[in-house]
Amino acid sequence: DGTVVTSAVFDSGNMHVGKEGIGDWDVRVTFRDAEGLRAFLFSKNQDILDSILRNDVEVDGNLNHIYKFGFMARELTRRLGLTN
């Protein structure tokens, strides 16, 4: 069905990525499709609420974690020279 599941665990300033989901999560994000994920990650004005309103994503848990993740994704793309 095209489903991809992964996890990211943040601990003491480090991020550990797993190839499967975890049962004990603080926030869970489900993107409708790959385009919805790309639109969120590479948007200049990233806003998870806009993604929710467009029905691109479903979020369970603390939205503050999503805002922090979005900031880190934008900072990474900036450092890699992928954005202006």
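So the values come out like this:
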item	result
Members of segment 16-36 that are touching a residue at least 12 places away in the same chain (Cβ under 8 Å) and within 21 Å of Asn64 (Cβ to Cβ)	Gly21, Ile22, Trp25, Asp26, Val27, Arg28, Val29, Thr30, Phe31, Gly36
Test result for Ala39, under 11 Å from the mean Cα position of the chain (by Cα) and either modelled with pLDDT of 80 or more or open to solvent by less than 60 Å² (accessible area, probe 1.4 Å) (or both)	yes
So Asn55, is it open to solvent by 90 Å² or more (accessible area, probe 1.4 Å), touching a Gly at 6+ places or on another chain (Cβ under 9 Å) and free of Cβ contacts under 8 Å to residues at least 24 places away in the same chain	yes
Count of segment 60-76 residues which are surrounded by 13 or more Cβ atoms within 10 Å (Cβ to Cβ) and closer than 12 Å to Ser43 by Cα	3
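The values are calculated or read from the model by the stated rules, or taken from the named source; none is laboratory data. Quick caveat: nothing in here was measured; it's all calculated off a predicted structure. So basically every Cβ, Gly included, is an ideal-geometry build from the backbone, and we count neighbours across all protein chains shown. Note: areas computed on protein heavy atoms with side chains; ligands, DNA, RNA excluded. Shrake-Rupley method; radii C 1.70, N 1.55, O 1.52, S 1.80 Å.
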